[in-house]
There are 2 protein chains.
Amino acid sequence: MRIVTLKEIQSMVSLSAATVAVRDAFIDYSQGLIEQPDPMQILFKDELGRLTGDCHVKSAQKKRHAYFVIKVASGFYNNAAAGLPVNNGLVLVMSSDNGQAVALLQDEGWLTQVRTAAAGALAASLRDVKKTDCLGVIGTGIQAYLQVKMITEKLSLKRVAVLGRSLEKSAAFCRKLNEELDVIAVPMDSARSVCHASQVVITVTPSERALIRAEDLPESLHIVAIGADSPGKLEIDPSVFHAAKIVVTDDHDQCLHHGDFGAAVRAKAIKEDADYAMGKVLSGQYSELDFNGTGISIVDLTGLGAQDLAVASLLVDQFSTSL
Amino acid sequence: MRIVTLKEIQSMVSLSAATVAVRDAFIDYSQGLIEQPDPMQILFKDELGRLTGDCHVKSAQKKRHAYFVIKVASGFYNNAAAGLPVNNGLVLVMSSDNGQAVALLQDEGWLTQVRTAAAGALAASLRDVKKTDCLGVIGTGIQAYLQVKMITEKLSLKRVAVLGRSLEKSAAFCRKLNEELDVIAVPMDSARSVCHASQVVITVTPSERALIRAEDLPESLHIVAIGADSPGKLEIDPSVFHAAKIVVTDDHDQCLHHGDFGAAVRAKAIKEDADYAMGKVLSGQYSELDFNGTGISIVDLTGLGAQDLAVASLLVDQFSTSL
């Protein structure tokens, strides 16, 4: 078994290559070429029953592919106070022929960050934007940063509107974006302000209550919901789904159980069969969908094992001859 | 992250210590001290749709325990022909406090073998036996060998009756047992012969059809069913459950979905609430149960993440001061 460190991984996987690989993975998945068992979820609570951390295990195998992956990703919310990274993880790459471990990718969660940001960038780019348009971002964490970086690069956007848990957090995040990326980021005071200032909004938080409601919406907005990936988490109020003209899910069943889409279906704000599959949207199978005209569109992303397989394959393909 | 090789693991974990740890784990689990998400199952098929391998991921966390485990175990049935071990696996030990990986136990499936054999030995010893009694074993693989070793040692049995897929396999397995263990093993020609020759029978196969039926049974027999641990596998016919006076499961829900017990419930051979919990049996909570008198008793084992946590903890506790 080859053990690959984060440093090696970062030198071998570019964000643009990851985006191409994740796009292919969505399409493969929608064509039934990739099998994924239900994700495993392990929750950690303190003595008062409050959630202190979670760990997700995802897996995917692709037909006639030499290996499959088992991906472990954790988030422990009190880590920051202890000076440790909140997110962590690793990827096991296993042979589909004999079940032996091929590689352990000690990515510390970085590959999950990248494949998630790649999905966000692909989802955001379903809407055509002008260079003067604005990207709204709710959330100020590492994933929010990576999303802003990849989306503004991919869509050539310069303007960013930020909403964090406090004005201080928003302002600090804007400073970081303005220093490190080629953007002009401005802190906002409400979800309504972000939605009205932007053409595309991404939500990237561990929130358990809705951050965007129907009354916050302008006439036209493209929303990419990334944070809610397990039962109990929520970013987009069911009323927003009720108002939407288009709803896309990365996986129907998973979004039904783990995402904002499911909360909207359970609230009867939207019909259970109202969503379009991300992979089929990306491969152009729904020519009738118009993400550009007036109205609200939502992409609900919960994260697929197929994405993990895609980015791990990028790596393993590079050293597979030496295995 | 500390990486521990199979050789180190084998030098640090004794079979007897594993049995004690697994017993405690069953009891902790039955008292609600251990949480396990549903196991993840990844199946591999050839182009004709035939099963060629499977990979299981199990996890467990214990209240106020410093770490949790994610255990990967695979079985690839064509490996033997290629000179590779059929079973493989590894265990990730993760911190319950911050989600970081503490250790990777490269046990190649050995810890799974040991914790499974420990459970078999605990289940077999629910019935009191005399030294002249006979252990029947259906199956001739590595797990069957380990079960025979641990059960005959724990129960001080000398006589073993063996049934494999062919008389050649049975005879070869008997030779191995007679050479390496302090037993007298004899090949049998049918499940009926094994059941009538034995007081305790264990089934340790990847069979997809019943190996023991009601018509094979003597008046009194204690059966430990180990092989069937995923949907589609079957060793014990529902008619045997119908005939049984006592049915024990390691986990009610898991046996219902993955074990022989579930097949019997679905065939309406037994009521869904007819089983007793292994952990409660081991802690003596069912004083009315008599495994020794006339009649058939069955223990259906599907394998718990709690067992993986128990044997991994045996190891990690030994080097935790140096972490």
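Mind telling me which of the residues B:Leu84, B:Leu92 ends up being part of a loop (DSSP other than H, G, I, E, B) and facing another protein chain (nearest Cβ under 9 Å)? Result of the check over B:Leu84, B:Leu92: B:Leu84. Residues that are surrounded by fewer than 18 Cβ atoms within 10 Å (Cβ to Cβ) and in a loop (DSSP other than H, G, I, E, B) within segment A:7-23 comprise just one, A:Ser14.
Conditions (1) closer than 13 Å to B:Ile138 by Cβ; (2) without any contact (Cβ under 8 Å) to a residue 40 or more places away in the chain; (3) buried (at least 23 other Cβ atoms within 10 Å of the Cβ), marked per residue:
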{"site": "B:Lys176", "(1), (2), (3)": "no, yes, no"}
{"site": "B:His196", "(1), (2), (3)": "no, yes, no"}
{"site": "B:Lys233", "(1), (2), (3)": "no, yes, no"}
{"site": "B:Lys245", "(1), (2), (3)": "no, no, no"}
{"site": "B:Asp251", "(1), (2), (3)": "no, no, yes"}
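Scan segment B:95-112 for residues that are part of a strand (DSSP E or B) and either more than 8 Å from chain A (Cβ to nearest Cβ) or of a type in the set (Ser, Thr, Tyr) (or both) and the total you get is 4.
Given the condition crowded, with 20+ Cβ neighbours inside 10 Å, modelled with pLDDT under 95 and either under 15 Å from the mean Cα position of the chain (by Cα) or closer than 18 Å to A:Val186 by Cα (or both), answer yes or no: does some residue in segment A:151-161 qualify? No, the conditions are met nowhere in segment A:151-161.
Quick one: in segment A:47-58, of everything that is within 9 Å of chain B (Cβ to nearest Cβ) and free of Cβ contacts under 8 Å to residues at least 40 places away in the same chain, which residue is nearest to A:Ser95 (Cα to Cα)? Looking at the filtered set, the residue picked out is A:Val57. Going by the structure shown, is A:Phe26 within 11 Å of another protein chain (Cβ to nearest Cβ) and either at pLDDT 90 or above or assigned to a strand (DSSP E or B) (or both)? No, not satisfied. Just one of the numbered conditions (1) within 12 Å of chain A (Cβ to nearest Cβ); (2) touching a residue at least 24 places away in the same chain (Cβ under 8 Å); (3) part of a strand (DSSP E or B) is not true of B:Val4: (1). Contact map, segment A:118-146: first residue within 14 Å of A:Asn87 (Cβ to Cβ) and not assigned by TED's automatic domain parsing to the domain that holds A:Leu221, second residue modelled with pLDDT under 95 and not in a loop (DSSP other than H, G, I, E, B), Cβ cut-off under 6 Å, separation 6 or more or different chains; the map is empty.
Report every pair of residues separated by at least 6 positions or lying on different chains whose Cβ atoms are under 8 Å apart, first residue within segment A:154-169 and closer than 29 Å to A:Ala17 by Cα and assigned by TED's automatic domain parsing to the domain that holds A:Val194, second part of a loop (DSSP other than H, G, I, E, B) and small (Gly, Ala, Ser). That search, which allows pairs on different chains as well, returns A:Lys154/A:Ser125; A:Leu155/A:Ser125; A:Ala161/A:Ser198.
Taking segment A:41-58 as the search range and keeping residues that are of a type in the set (A, V, I, L, M) and within 20 Å of B:Pro39 (Cα to Cα), which one is surrounded by the fewest Cβ atoms within 10 Å (Cβ to Cβ)? Break it down stepwise before answering.
Looking only at segment A:41-58, we keep the residues that are of a type in the set (A, V, I, L, M), and these are A:42-43, A:48, A:51, A:57.
Pick out the ones that are also within 20 Å of B:Pro39 (Cα to Cα) and you get A:42-43, A:57.
On the way: A:Ile42: 23, A:Leu43: 16, A:Val57: 25.
My answer is A:Leu43.
Working only within segment A:123-145, note down all residues that are surrounded by fewer than 24 Cβ atoms within 10 Å (Cβ to Cβ), small (Gly, Ala, Ser) and under 23 Å from A:Arg213 (Cβ atoms). The one that is surrounded by fewer than 24 Cβ atoms within 10 Å (Cβ to Cβ), small (Gly, Ala, Ser) and under 23 Å from A:Arg213 (Cβ atoms): A:Gly141.
Give the residues of segment B:29-46 that are more than 10 Å from chain A (Cβ to nearest Cβ) and either in a helix (DSSP H, G or I) or under 23 Å from A:Met94 (Cα atoms) (or both), sorted by residue number.
If the condition is that a residue be more than 10 Å from chain A (Cβ to nearest Cβ) and either in a helix (DSSP H, G or I) or under 23 Å from A:Met94 (Cα atoms) (or both), then B:Tyr29, B:Ser30, B:Asp46 are the ones that fit.
Restricting the search to helices (runs of 4 or more DSSP H) fully inside segment A:230-282 and requiring at least 3 residues that are modelled with pLDDT under 95 and either not aromatic (Phe, Trp, Tyr) or not assigned by TED's automatic domain parsing to the domain that holds A:Ile138 (or both) gives A:252-258. Candidates in segment A:59-81 are the residues that are more than 9 Å from chain B (Cβ to nearest Cβ) and among the basic types (Lys, Arg); of these, the one that is surrounded by the most Cβ atoms within 10 Å (Cβ to Cβ) is A:Lys71.
The values are calculated or read from the model by the stated rules, or taken from the named source; none is laboratory data. Remember, it's a predicted structure, so these values are computed and weren't measured experimentally. Glycine also receives a Cβ, built like all others from the backbone with ideal geometry; neighbour counts cover every protein chain displayed.
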